[in-house]
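S.K.: A single structure is presented below for examination.
The values are calculated or read from the model by the stated rules, or taken from the named source; none is laboratory data. What you see is a predicted model; the values in this text were computed from it and never measured. Cβ placement follows ideal geometry from the backbone for every residue including glycine, while neighbour counts extend to all protein chains displayed.
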């Protein structure tokens, strides 16, 4: 969770000083605006950061079907935004740095036994 501490300069909104702390389920969330104009928060929201690796993926579909605007008039558009279906690629090789996957498991995945 990001908790605001301050800005490096009061007139600059492109950076801020924040405290990073664990986000725990059940923890009460107090609404605190970060001192950066582009990072506003709504009620019951927090800013969070996650570690992640860049991984390649296979795009299985594109150009999602658009929802008729008359069905969503006056409603949030983010829930009906166009999407696409993608499948992640994972390395399967075994070496000194990684455990990899067993050949039997890989074969069963290739035959679509598991999503």
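S.K.: When you scan segment 89-115, how many residues do you find that are assigned to a loop (DSSP other than H, G, I, E, B) and either more than 26 Å from the chain's Cα centre (by Cα) or without any contact (Cβ under 8 Å) to a residue 12 or more places away in the chain (or both)?
M.R.: 14
S.K.: When residue 54 is evaluated against the numbered criteria (1) surrounded by 10 or more Cβ atoms within 10 Å (Cβ to Cβ); (2) modelled with pLDDT of 75 or more; (3) under 30 Å from residue 82 (Cα atoms), which criterion, by number, is the only one it fails?
M.R.: (1)
S.K.: Moving on to the next point. Output the residues belonging to segment 62-88 that are in a loop (DSSP other than H, G, I, E, B), at pLDDT 80 or above and within 21 Å of the chain's Cα centre (by Cα).
M.R.: Those that are in a loop (DSSP other than H, G, I, E, B), at pLDDT 80 or above and within 21 Å of the chain's Cα centre (by Cα): 84, 85.
S.K.: Now a separate question. Which residues, counting only those in segment 3-27, are under 20 Å from residue 48 (Cβ atoms) and in a loop (DSSP other than H, G, I, E, B)?
M.R.: The answer is 15, 16, 21, 22, 23, 24, 25, 26, 27.
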